[in-house]
Structures are given as structure tokens and as C-alpha cells.
Amino acid sequence: MANATFRIWRGDKSGGGYKDYPIETSEGMVVLDAVHQIQASQANDLAVRWNCKAGKCGSCSAEVNGFPKLMCMTRLNTLDLTQPVTVQPMQTFPVIRDLVTDVSWNYEVKKTIQKMKTRKPDASDGTWRVNQRDVDRPQEFRKCIECFLCQNVCHVLREHQMFSEFVGPRFFVYAAALEMNPVDAADRVADLKDKHGIGLCNITKCCTHVCPEEIKITDNAIIPLKERVVDEFFDPVRKLFKMFKG
Amino acid sequence: MASYETFEHDVLVIGAGGAGLRAAVEASAAGTKVCVVSKSLLGKAHTVMAEGGMAAAMANVDDRDSWRVHFADTMRGGQYLNNPRMAEIHAKEAPDRVRELEAWGALFDRTKDGRILQRNFGGHRYPRLAHVGDRTGLEMIRTLQDHGVHQGIDFQMEITIVTLLKDGDRIAGAMGYDRERGRFKVYRAKAVVLATGGIGRAYQITSNSWEYTGDGQALAYHAGAKLLDMEFVQFHPTGMVWPPSVKGILVTEGVRGEGGVLRNNKGRRFMFDDIPENYRSSTADNEEEGWRYVTGDKSARRPPELLTRDHVARCIVREVREGRGSPHGGVFLDISWIKEKVQNAPEHIKKKLPSMYHQFKQLGDIDITKEPMEVGPTTHYVMGGVRVDADSQMSCVPGLFAAGECAAGLHGANRLGGNSLSDLLVFGKRAGEFAAKHAKSVSMPKLDSPQVEAAAKAAVAPFERQGGEGPYQIQQTLQDNMQQLAGIVRREDEMTRALELIASLKAKAANVSVYGNREYNAGWHTAMDLDSLLTVSEAVARAGLMRRESRGGHFRDDFPGKDNEWGQYNIEISKAADGSMRVERVPIVPMTGEHQKIVEENK
């Protein structure tokens, strides 16, 4: 296979720029392999996060030629190697160094979502009988590997920086998994409306497009949650009903 | 010492995989102040990679299952070097540990009557693995993480611990640095739980990520704890072999549990050719029976592909060595053949093995519903680790606990698939419970500033040296060395050579130099991991050299048979007063009369 040039962003919060690294490519290589090769031979101090190298842990998120990707799952044969391959850190989060960003905001946000509250067990052995078809939907959401690529592309966060009003697609998926968990009895709908800013999402589906787990974030998680908010707070019939009930 | 940020907790947990998180949850529920430090971000530890499931005798799918059968399976799999008390506790407590995950939000696959579904796995007599497709580890770590964040646990991410601190004989805490800025941190704690996982990075071909450098084992060893069974390293039979960049990435045993078969380049199912004596009565002797087993026929015996991992790995090595391997030096693993038996097989395979489908499609351009995979052994797990008390998980150092992969005892000479996730839960919980108890019974230890200063000085030394070897070269040389000389098939002369090479690499590591600054500097981080890697590599080679027989994960070309005499001993490693590594034979923990009876019943 041909050789290639990797144009990698080097720097920290005070600034930085792109640096070119020539590499030798081999069959089956992914972007993360190229970064590792550069790290081992040309730039020992190049900062990159990674763990599983198999698309299961969501550590190596970055922007490859401008597209949000897991570096470990982006094969070089999907890229035009006649041009330098640009690799930069996710742009929505503050950079720490090189390709590593500070994603700690996400961990803080998660704490604001009400935790699992079990309903009363329905089986005599103190557990629950749950049908597979009732877990199919939330199981889709549980596939999330927390790579935060959806957060990275969401314009409410990326362009408008509404980090204090809006939790982002990852946490709507998280809330949806809890809301649709057949064993859960908590109600997160008011929080979604008031604290988590679900109304700010205007369903452009950017999150769905970049999800490496192919979770239908907008259609299967966000829209159903929006519907719950509407049903509970904006349904005129229900409003009327509530009024009469006093 | 005032210049370092210092924290005080009752319990410090090192590692945030399944065992560490479960320990933290328990210790915190017991009312102690808990801190968890992890080398990676929360939720990224290797538990996330576990695919097949967690073994627990819940008997949801086959009501003949019970803790007694699970106990017997675990002991047989471990070739009776296991600590029988740990195997008993594990088999008895695993079902409750799985059920409580459900109450914390885990969504397992279901049986038709709505209970937690369980699947077949190698070495387990009955379908026993609670699972979620082939991403059970992700479900488990996320459930524990999400439960833990609401418990007031102090999570500190991307911290590497470089040394444990002691107050006299007892543990006093630990010292490390944050990867982000390279600042030193001192953790003062009444109890420390090691939950750092494995040693896979000591080998070239491994399913483990960069984190698994044997930190817990090495930290404990230097702090005066004992290591046990370090010769037993599990080479998982099925890792990807092609393309080169993904070599070693795991292919779940679940593929075989769902009917996948192993073939050589002649198309032969070679696993039928070599069935060990003690498994003959429980193994199918024809393909039809094997298929009936994986489809749930209770009268059928399991196919030989589901024999224990050590055995399957060696059979694959034999096929490759004798010229019957696949083009890229593995053998063929085929699940697509089930289209002969199952309607709509491609959909069935994608539903049962979604992440395998995804992994091969995306990384190897292979559609596993249509064509076979190429697979070969990959370093996966270490059965050995810190020697702990079976009930409390405390090491011989007061206040120092260990759980999960970095502890030893449950698995003996070979671990059964599925027994790891349940191990993390059962013994993670116990470590947390007893660490909390211990913390409540002792006063806050004193910190010794010379220990801290010495560790800090050693940590920054690589920046001050010029002209030493780079950390990546040393690490790669060690990995090649261990792969070639202390891998799946071992010999006396090769392991002796491995030890010589380790000694020379130690000298090089003592002179390693790095450049750049301390902020997120991968070169420096790699340099800091070398000591642990070299320590555990030496332990593996020394124990491997001493055990002159073949058993479980340890196979000696020069002593290919099992030796009854050796079956009475574990190998224990400790640090001698002169700093050298002491290796000793110690008698195994004997089974009680009741244990023996259970083993006999299940022969």
C-alpha cells in the first residue's frame, strides 16, 4: 500500500497547529494505528486516548478529515491517501493536549438525571418477569459506548455552547433507556422539559448520523421523549381534564 | 510533601472495571468514604470488552443447574488448583449479584417466560451465562458506573498509581499522578482495594488494551503481598488474526456457543480429534449431537469446540504448526454454516452476535453470516495474581485487598469463560464489604514522607536523563520476548532466556529517557508502566520455569504431561529482603469433604 501523510493537530489550550507526519501504511490499517505508529517512532509525547481498539469503549473519538469518527474503526482504505489525512480533536470540548479533550462535562451531566427506581417485583422470587419485546427498544439505547461524538456534532452544544441548558443527545438516549426500562418507575419527563432542555433539539439528526453504534438517536429516543413531554404538559385535552379535576 | 495534593478516604479503590466499581459501590453503601482512581475514563475499562456473559447458576434455562454443578465445573476447569472456598463462594453468590444488576438498570436478554436468559459456554455443563447479545461487559460496567455516580463516590479519572504507601506493616494509601497534567497526588486511606485487571500488555498478541500492565500485581508485590499462580496465563483460542492491525482482538466464545465450528484448511472439524479423557463423557462424539446441544437439546452433550480455552488454544496451535492452518496463520471459525439448519440465518446471527458481525465487517471486510472468520490464540487473561483470603479478599498486608483479575485463587490453572464477570461481581462486592469493615476498625494511618519523595523522584527521573533507550522500544522488546519465550508453549531453555532478557531490559528501563513535558505525555506514561510489566513478566517466567508439568494455561513442551505431584502445589511469589524475587512451592488449599463429594457427584 502507498505511503501517506498524517496532518495531526498538536497543541494545548493555549494554542497549537497542524504538523505533518509521513507514515508507511499496511493492509487493514485504521487511523488509530497510524497515530500509534507516529507516537512510537516520531512523537513519543503525542497525546491520544484509546483503549479497546475495537469500537467498544468509545475512547478514541476525533475528527478525521473533518468527520467525527472513532479512530479505531476508520480504515485507511476509506480515505483519500493522495491528500494529507487531517486528524484533530473533537471541537466541542476544551482541548487538553493534541487529540485529547476534556469530556468531564458529560460525566457531570449524567448525575443530574434521576437514577433507576425499581417498581415492585412481580414474581414470587422477588424479581421481575419481563418480555424480550419490551426490552428490545431500551437495549438499543444501552448499546451506547459514550464516545460523545453525538455531543460533539450537536449544534446546540457545538455552535451555541448551551452547556448549562441542554444535556445533549447522549443523555436523551440515557434518559430514554431509563424511561423505557420495564422495571423502572421513576418519572423524568418534567426534568427533560425544565432542566435538560429537550425542547432545544430541533431534530436535525446530526447525532444519529455520527453514532458508531448506529443508534437511531433522534427517531427512537429523542422524538418519543419529546412526545412524552407534549403529552404531559401541552396536551389541551389533558389540560382541560386537569382543570376540572382541580 | 506539602506540595502534593493529598486526599483522605476510608477506602481507596484502584481500578474502575467491574471489580473496582462493585467494590466501591459496596464500600460506599456500608457508609465509608470511598475514592476510585482509574487510568482511563470511567466506563472504558476492559470489562467493557467482555462479550459472552456472566456465569451464575440461576437455572433459568436448565433447572438441573445449581451452585454445586457450577462449583464442580469451575474446579474441573481450573484443574483443581483453585482455592475451593473461593469457588464455592463464587458459585453460591453469583446469582444474587446478577439479579441485583437488574435492579440497578441492567437489561438482560430474556427467556420466553420473561426471566434472565442464559447461554452455553465452554466448560459449563448447563446454559449458565446471563448475557446481553455479545456486549454483556458494556451492560455491566455501565450499570455499575451509573449506580455508583449517585452514591457520592469520589471518582478520579485518568490517574496512574505508581506506588502503595505503608505505615509500618499496614497499608497507608497510594501515590500517583494525573495523566492530564502530570501532577502528583497522594491518597491516604485506611484500606486499599486493588482492582487493576490483567497483564496482557506483556505480550505482543493480546486482547488487552494499553492499561493492562500488571499494575496491581506489581504494586502488591513491592508492598510485601504474595502473588500466586502467575504461570497460568490464558490464551483465548479465538482472536482475530487478520488484518495485522487488529491481530489479537477478541472473537467471543459466544460464536461457538451459538453453533460456530472450528475447521482447518482441509475443512475438518479438528476438535473432534483430541478430546481430553476427563471431558470425554460430557463431550459430543459427532457433529449432529454437537448441534443439538447448542440448540438446547438437554439429552445432547456439548460439541468439542466448547472444551476449555487452554485445550482449544493448543489444538489451534497444533493445526497451524502442522500446516493445516488458514492463510494468515490461524484456523477457520464458521458460524455461517448454520444456514443449513436455521431459517433466516443471517438475521439470527446478527441478532445473537451483533458486535462480532460489526467488528469483522468493519475491520476485516468479512461478512460472518456468509463466510468463515480466521482466528488464532490471543493473550487474554491471567489466572494468577495477588494471593488473598477467600472470604475477605485481603492480602497478607493488613488493609490491602484485591479483587477481580488482579487477584488469584478462583480460577486455578484455567478460567472458564463467563466466570470472570461473575468473579468481578462476587469478589468485588466482598472486597468492598471487608475493606469498609477494616476501615471502620482502624485509625487513619500515618504518611511517611520519604516514601512519597522517593516515588516522586523516581517518576520524574526519565525526563532528566539523556540518551537512554525510549520506552516504546523497551516495551516492544519485552512483548516480543514474552510472546516467543513464555507464551502458549514453553520450554526450560526458552524461559531461562526470557529471564536473562528481562534482567537486561530492567537495566534499560532504569535508564529510560523521555522528552516533552508532563502533560498527557504518552511516552512518559509508557515509561511509568515498564516497572510493572517487567515485574509481572519475571513472575510469569519464574513460576513457569518452576512448574515442570503441563496443566491448564501452562503448557511445557519439555514436560507435556500432567504430574499428580504438582497437582498438590501452587507456586507463590514474594519479594525477598534483598529485593530479589522469591519463588516457592506451597501446598494447595485442600477441598473439604463436602467439596470432594460435590466433585465426585459431578464427574
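None of the figures in this text is laboratory data; all of them are computed from the coordinates on show. Bear in mind that the values here come from a model prediction, so they are computed numbers and not experimental data. Methodologically, a virtual Cβ is constructed for each residue, glycine included, from the backbone with ideal geometry; neighbour enumeration extends over all protein chains shown.
Net charge within 15 Å of B:Lys33 by Cβ-Cβ distance, Lys/Arg positive one each and Asp/Glu negative one each, not counting B:Lys33 itself? Can you show the working numbers first?
Details: positive: B:Arg188, B:Lys190, B:Lys437, B:Lys440; negative: B:Glu8, B:Asp10, B:Glu26, B:Asp154.
That sum, taken over residues with Cβ under 15 Å, equals 0.
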Give me, ordered by chain and number, the residues 5 or more places off B:Asp167 or on other chains with an amide H under 5 Å from its own placed amide H. B:Ala172
Every cysteine in chain A with no other Cys Cβ under 4.7 Å from its Cβ, please list them in numeric order. A:Cys60, A:Cys72, A:Cys144, A:Cys147, A:Cys154, A:Cys201, A:Cys206, A:Cys211
Over segment A:104-237, what relative contact order in percent results from Cα pairs under 8 Å that are six or more residues apart? 30 percent
Pairwise FRET efficiency - A:Ser26 versus B:Ala503, Cβ, R0 = 35 Å, nearest 0.05: 0.55
For chain A, would you read off the P(r) tail past 27 Å as a percentage of all alpha carbon pairs? 46 percent
Residue-wise, which Karplus ³J(HN,Hα) couplings in Hz belong to segment B:491-505, taking 6.51 cos²θ - 1.76 cosθ + 1.60, θ = phi - 60°, and x for glycine or proline? 9, 4, 4, 5, 5, 4, 5, 4, 5, 4, 5, 4, 4, 6, 5
What pairs in B:Lys429/B:Lys457; A:Lys69/B:Lys429; A:Lys143/B:Lys39 have C-alpha atoms more than 25 Å from each other? B:Lys429/B:Lys457; A:Lys69/B:Lys429
For the protein assembly as shown, give the magnitude of the charge dipole about the Cα centre (Cβ charges: +1 Lys/Arg, -1 Asp/Glu; no others), in debye to the nearest 20. 1120 debye
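Local charge sum around A:Val48 (other residues, Cβ-Cβ under 12 Å, Lys/Arg +1, Asp/Glu -1)? Please list the in-between numbers first.
Numbers: positive: A:Arg10, A:Arg49, A:Lys53, A:Arg97, B:Arg179; negative: A:Asp33, A:Asp45, A:Asp98.
Local charge sum for A:Val48: +2.
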Long-range amide H contacts for A:Leu81: which residues qualify at under 5 Å (H placed 1.01 Å from N, peptide plane, sequence gap of 5 or more or a different chain)? none
Normalised by the residues of chain A, what does the relative contact order come to in percent, with Cα pairs under 8 Å and at least six apart? 17 percent
Among the listed pairs A:Lys53/B:Lys298; A:Lys111/B:Lys185; A:Lys120/A:Lys216, give every one whose C-alpha distance is greater than 28 Å. A:Lys53/B:Lys298; A:Lys120/A:Lys216
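Give me the percent relative contact order of segment B:450-569, please, defined on Cα pairs under 8 angstrom at least 6 residues apart. Spell out each step's value before the answer.
Details: 136 pairs, mean separation 37.8, N = 120.
Across segment B:450-569, relative contact order equals 31 percent.
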State the percent of C-alpha pairs, over all pairs in the protein assembly as shown, separated by a distance greater than 40 angstrom. 33 percent
When the Debye formula is applied to the Cα atoms of segment B:14-107, each taken as the same point scatterer, what base-10 log of I(q)/I(0) results at q = 0.15 Å⁻¹? -0.77
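Where does each of B:Phe232, A:Phe241, B:Phe555 land when they are ranked from fewest to most other beta-carbon atoms within 10 angstrom?
Placing the least packed residue first, the sequence is A:Phe241, B:Phe555, B:Phe232.
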For B:Arg551, what residues show an amide H to amide H distance below 5 Å, using hydrogens built from the backbone and excluding near sequence neighbours? B:Arg556
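Could you give the length gained on full extension between B:Glu347 and B:Asn517, defined as 0.36 nm per residue of separation minus the Cα-Cα distance, in nm?
On the way: separation 170, 0.36 × 170 = 61.20 nm, distance 5.14 nm.
Going from the current span to full extension adds 56.1 nm.
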In which sequence would B:Leu117, B:Leu227 go, from the one with the fewest C-beta neighbours within 10 Å to the one with the most? B:Leu117, B:Leu227
Partner lysines for A:Lys242 [C-alpha distance under 21 Å; skip if fewer than 8 residues away on the same chain]: A:Lys193, A:Lys226
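With Rg and the Kirkwood Rh both taken from Cα atoms, where does Rg over Rh land for segment A:1-127? Spell out each step's value before the answer.
Working: Rg = 19.2 Å, Rh = 16.4 Å.
When Rh is taken as the Kirkwood radius, the ratio is 1.17.
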Please give every one of the aspartates and glutamates within straight-line cross-link reach of B:Lys33, meaning a C-alpha to C-alpha distance under 12 Å, and leave out same-chain neighbours fewer than 8 residues apart. B:Glu8, B:Asp10, B:Asp154
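What does the net charge come to around A:Ile215 if you take all other residues with beta carbon closer than 9 Å to its beta carbon, with K and R at +1 and D and E at -1?
Values: positive: A:Lys143, A:Lys216; negative: A:Glu140, A:Glu213, A:Glu214.
Around A:Ile215, the charge tally is -1.
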Just want the ordering: B:Thr74, B:Thr160, from fewest to most Cβ atoms lying within 10 Å of their own Cβ. B:Thr160, B:Thr74
Relative to the compact-globule estimate 2.2 N^0.38 Å (N residues), the Cα gyration radius of segment A:104-237 stands at a ratio of 1.08
Whole-Hz Karplus couplings 3J(HN,Hα) for segment A:187-193, θ = phi - 60° and coefficients 6.51, -1.76, 1.60, Gly and Pro as x, run 10, 9, 5, 4, 4, 4, 6
With angles folded into 0 to 90 degrees, how steeply does helix B:18-29 sit against the dominant principal axis of chain B? Use alpha carbons for both and round to 10. 60 degrees
Which ³J(HN,Hα) values, rounded to whole Hz and listed in residue order, are derived for segment B:232-244 from phi using the Karplus coefficients 6.51, -1.76 and 1.60 in 6.51 cos²θ - 1.76 cosθ + 1.60 with θ = phi - 60°, glycine and proline given as x? 8, 10, 8, 9, 5, x, 10, x, 5, 10, 8, x, x
